[in-house]
Amino acid sequence: MSRIVFENVTKTFNRAGNRAGGDFVAIGGVSIDIAEKQFVAVIGPSGCGKTTLLRMAAGLEAPSSGRVTVAGRPVAGPGPDRAVVFQQFALFPWKTVRENIAFGLKCRGESAAARERAVQRYLTLMGLEGTADSYPHQLSGGMQQRVAIARSYAIDPAVLLMDEPFGALDAQTRTMMQEELVRLARTSPRTVLFITHSVDEAVYLADRVVVMGRNPGRVVAVVDIDAVRQREGWAARSIDDVMELPSFTHLRSGLWRMLREQLGGRSE
Amino acid sequence: MAAALTGGRKAAPSELALWSLAGAVVFLGSWQLVTASGLVSPRQLPGPLAVLGAAWTMTLQPYAGSTLQTHLFYSLQRYGFGFGLAVLVGVPLGLVMGRFRLVDDIVAPVFESLRFVAPLAWVPFAALWFGTGIGGPVMVIFTGALPPCVINAYRGAKLVEPRLIEAAQTLGASEFRIIREVLLPGALPSIVAGLRVSAGLGWQSLIGAELIVAAAGIGYAMTQAQLTIAPSIVIACMLAIGVIGYLIDIALRGAERAVRRRWGQA
Amino acid sequence: MLHRRIPAISRRFAVGTLTLLALLGLWYILTTLTGAVGPGRFPSPAQFGAAFTQIAIQGYGGAPLLVQALHSLKLVVMGFAVAVAIGVPLGLAMGWSTRFEAFANPIFLVLRPIPPLAWIPLAIVWLGLGDTAKILVIFFAAFVPAVINTWTGVRNIDPTLVAAARVHGASSRHLFTDVVLPGAMPMIFTGLRLSLQASWTTLVAAELVGAFFGLGRVLNLAYQDIYPAMIAVAMMAVGILGAATTRLLAELETRMTPWRQP
């Protein structure tokens, strides 16, 4: 119902007046299958096309060739079944926290009472009590991102697309948000595509990690995390404990090595 | 900030006030001197006191048909209609043009070609079609006040962070909702700035229209004073026009500030 | 959004041309074919063409179109040039020194709200219906936007840039030439654009009120003669000249501010 499939997707950008001539191939043939309710993290060097992939799943961009399907249907445009959490939050600055969270529900035509119920629920869930009538600029970065996540969750999307959502936050807040996301993913699981630069974050959060390379953007490796997580019982421990486990560090350094190989690749 | 520029001591507000006072004194003083000394005949340039006297008299006794206040009232009435119409038509048009490339492509060439025709150039047609009724000046004001409304709404819509529009789309918003709840508030600072310019241009166009085709109103009074060579009344009317224009601008500047505060960009 | 493959520029051109053609067609239909809009209200394309030929070759109001247009253009350029020559330095001074700004403020407080067109009757009382009166009015019209936008341009310069310059040991003079002047250039040109627009508006108005030559005079005569076709021709001429001068200004701006993104 919410399976995301990238079928041999490519993305080419025309570069007018480019001295090297020709177009820029951002993504050259990527195929990924994200099963229902699976949490997949994508890591890779800058320019590998991971954000473009996410935007194609969101319907904000179209592939040059190949196909992206969600729940079996090709993606034709953006919609509330695939909620997006942006790195820069993208909260409406002229709406209060309450109005931001309720926006998707309002679009759907929910009654004021239903909207308020949902708002209260997510305020509590995300630890945002008391901020309902504040404006985004009055909140810290971490709280703003929580509002953004609440806004996406409020419409109960089948798919959650997150583009480096914690990238703009400081280290401490980021750790807290990661724990919160794990908790949320456990209590109301859904298909998640999660872009990040941080290997730690990817290993901690995801069921599978896709490693991408650039020039052109392509899948280099797919590493299964969930088996290790279940076996070692990460869910029962705090994030700090998990990050010290040998199984964690083993996975992390393996991925790091792969990533470094990609980073060492020559840029154009 | 200016202190950082000159690198000198930052001037205290009291010192600045003194400079302003000096400027006012120099201005008014030299004006009065020039007329009193006889360099220029009072028939050409009356002194500041004569102008004030003429203005005061005009509030008590009708000139060219009405008192000063009544003239201003007629003018403001036409202005209100013309400006209001320009806002109601221009702002939505600008937003829609900013949102839909196709609309932009269709309307822009027409808009650009008409825009350069000075609003005053419409006066002959306005006079032909509406005579000296209210339609003529309203049309001229509309023509003058429309461009900034459209342009600023358009620019404001274009400047709205694309991520915000994308966020609205991914949350399931219809186009109408996107324009109403994302573009309009997002463009509001630009729109209000445009309203300020539009209000000013509209007020100017009104004066122009009244100079040529009116039977009452402050511009008409000025034309009559010009024809009878009564410069003190001309200048008095100019100052009245200036004062009203200034008050309109203050009101809109307050609106601009209120919008900024609400949007958190104070 | 899913992008279309058609390059943006040619699509815009095509749609624009189509729209203009459609409007021309509508004009023809409304006036000539159906007579829905009578000749007393708006000219048909044929009448427009006839009026244009008349003024272009024989002349109207005492001279052919080119002479009338150049007359108006000359006055605009002169008034505009003087206003800019005085206004921009004044604006720079006001932006640079708060003391000077405080001194000049009272005069501006009085001058600024007065619409430039309001100067016309006074200019006529002082200087009659000739060219000098027109140039004076254009000067007043163009002066205020030039000053205010220049002043704003200076004030809006990012203080961080100023700090960076000072930290590198820039003298006041270097600060002015290398940071303030280029930094204020975009706003200065905004002011110039507004000044140019105001200049044309004011000229047309001034010539409408009373003049011996010029496009505004043509407009006035055509109105008195109840000759809508000529009114339209004059309006078009005003529009073209206005667009051309604005385009020139934009070109100048591009050259003088090469760092700007289009």
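Every number in this text was worked out from the coordinates using simple rules, so none of it is lab data. Here the structure is a predicted model, which is why all the values come from computation and not from measurement. As a convention, Cβ positions derive from the backbone with ideal geometry for all residues, glycine included, and neighbour counts pool all protein chains shown.
Legend: translational diffusion of region C:200-262 by Stokes-Einstein, Rh = Kirkwood radius over C-alpha pairs, 10 °C, 1.306 mPa s; D = 121 µm²/s. Partners of A:LYS11 within straight-line reach, counting lysines whose Cα lies under 24 Å from its Cα and excluding those fewer than 8 residues away in the same chain: A:LYS50.
Fraction of C-alpha pairs exceeding 35 angstrom in chain A: 18 percent, rounded to a whole number.
Shielding by partners for peptide B:228-234, expressed as the average number of C-beta atoms from other protein chains within 10 Å of each residue's C-beta, is 3. For region A:153-252, the equivalent ellipsoid built from the Cα gyration tensor has semi-axes of 20, 19, 15 Å, listed from largest to smallest.
Taking the Kirkwood radius as Rh and the Cα radius of gyration as Rg, region B:30-188 has a ratio of Rg/Rh equal to 1.20. Taking the DSSP beta bridges with both ends in the protein assembly as shown, the antiparallel portion is around 55 percent. Per-residue shielding of B:237-243, expressed as the average number of other chain Cβ atoms within 10 Å of the residue Cβ, stands at 5.
Note: relative contact order over chain B, using C-alpha pairs below 8 Å and six or more positions apart, is 23 percent. For chain C, averaging the sequence separation of C-alpha pairs within contact (under 8 Å, six or more residues apart) and dividing by the residue count gives a relative contact order of 23 percent. Report the Cα centroid-to-centroid distance between region A:64-85 and region A:181-213 in angstrom, as an integer. Using only Cα atoms to place each centre, the spacing works out to 19 Å. Residues considered: A:ILE27, A:ILE225, A:ILE239. Largest GNM mean-square fluctuation over chain A, using C-alpha springs under 10 Å, is found at A:ILE239.
About its Cα centre, chain B has a charge dipole of approximately 540 debye under the convention of +1 per Lys or Arg Cβ and -1 per Asp or Glu Cβ, with nothing else charged.
Our Cα-only numbers for region A:159-213 put the radius of gyration and Dmax at 10.9, 33 Å. Averaged over the residues of B:168-180, the number of partner chain Cβ atoms lying within 10 Å of the residue Cβ comes to 6. Considering all C-alpha pairs of region C:69-124, those separated by over 18 Å amount to 51%. Calculated on the alpha-carbon coordinates, the convex hull of region C:124-168 measures out at 75 cubic angstrom per residue.
Each peptide in C:133-145, C:226-238, C:64-76 receives the mean, over its residues, of other Cβ atoms within 10 Å, and ordering these scores from highest gives C:133-145, C:226-238, C:64-76.
Note on region B:52-107: Rg/Rh from C-alpha atoms, Kirkwood Rh, equals 1.41.
Against the longest alpha carbon principal axis of chain B, how many degrees, from 0 to 90 and to the nearest 10, is the axis of helix B:68-99 turned? Between the helix axis and the principal axis of chain B, the angle is about 20 degrees. The Cα trace of region C:43-256 gives Rg and Dmax of 20.7, 69 Å, the first to one decimal, the second as a whole number. Comparing B:LEU39, B:LEU52, B:LEU88 in a Gaussian network model of chain B where C-alpha atoms under 10 Å apart are linked, the largest mean-square fluctuation is found at B:LEU39. Helices assigned as whole DSSP H runs in chain C whose Cα atoms extend at least 27 Å along their own long axis and whose mean Kyte-Doolittle hydropathy is -1.0 or higher are found at C:8-28, C:65-96, C:131-155, C:181-209, C:228-256. Each principal axis of chain B carries a Cα extent, and these read 74, 61, 30 Å when sorted largest first. The magnitude of the dipole of the protein assembly as shown, with charges of +1 and -1 set on the Cβ of Lys/Arg and Asp/Glu and taken from the Cα centre, is near 420 debye. Based on the Kirkwood approach, the hydrodynamic radius assigned to region A:54-196 is 15.6 Å, with every pair of different Cα atoms included.
For chain A, a crude dipole built from +1 on the beta carbon of Lys and Arg and -1 on the beta carbon of Asp and Glu, taken about the Cα centre, is about 600 debye to the nearest 20. Over the residues of the protein assembly as shown, the helix contribution to mean residue ellipticity at 222 nm works out to -21000 deg cm²/dmol, using -39500 (n - 2.57) for each DSSP H run of at least 4. Listed by Cβ neighbour count within 10 Å, with the fewest neighbours leading, C:MET94, C:MET187 appear as C:MET187, C:MET94. The Cα-based radius of gyration of region B:1-119, divided by its Kirkwood radius, gives an Rg/Rh of 1.20. How fast does region C:156-262 diffuse by Stokes-Einstein, in µm²/s, taking the Kirkwood radius from C-alpha pairs at 4 °C and 1.567 mPa s? D, rounded to a whole number, is 77 µm²/s. For the protein assembly as shown, the Kirkwood radius over C-alpha pairs fed into Stokes-Einstein at 10 °C and 1.306 mPa s yields D = 52 µm² per second. Against chain A, whose longest principal axis comes from its Cα atoms, helix A:112-125 is set at around 70 degrees. If you build a Gaussian network model of chain B, linking Cα atoms that sit under 10 Å apart, which residue out of B:LEU195, B:LEU95, B:LEU247 swings the most? Result: B:LEU247 has the largest fluctuation of those listed. Taking 7 Å steps out from each Cα toward its Cβ at B:GLU175 and C:LEU66 produces label points 4.8 nm apart.
Compared with the dominant principal axis of the Cα atoms in chain B, helix B:184-212 is inclined by about 30°.
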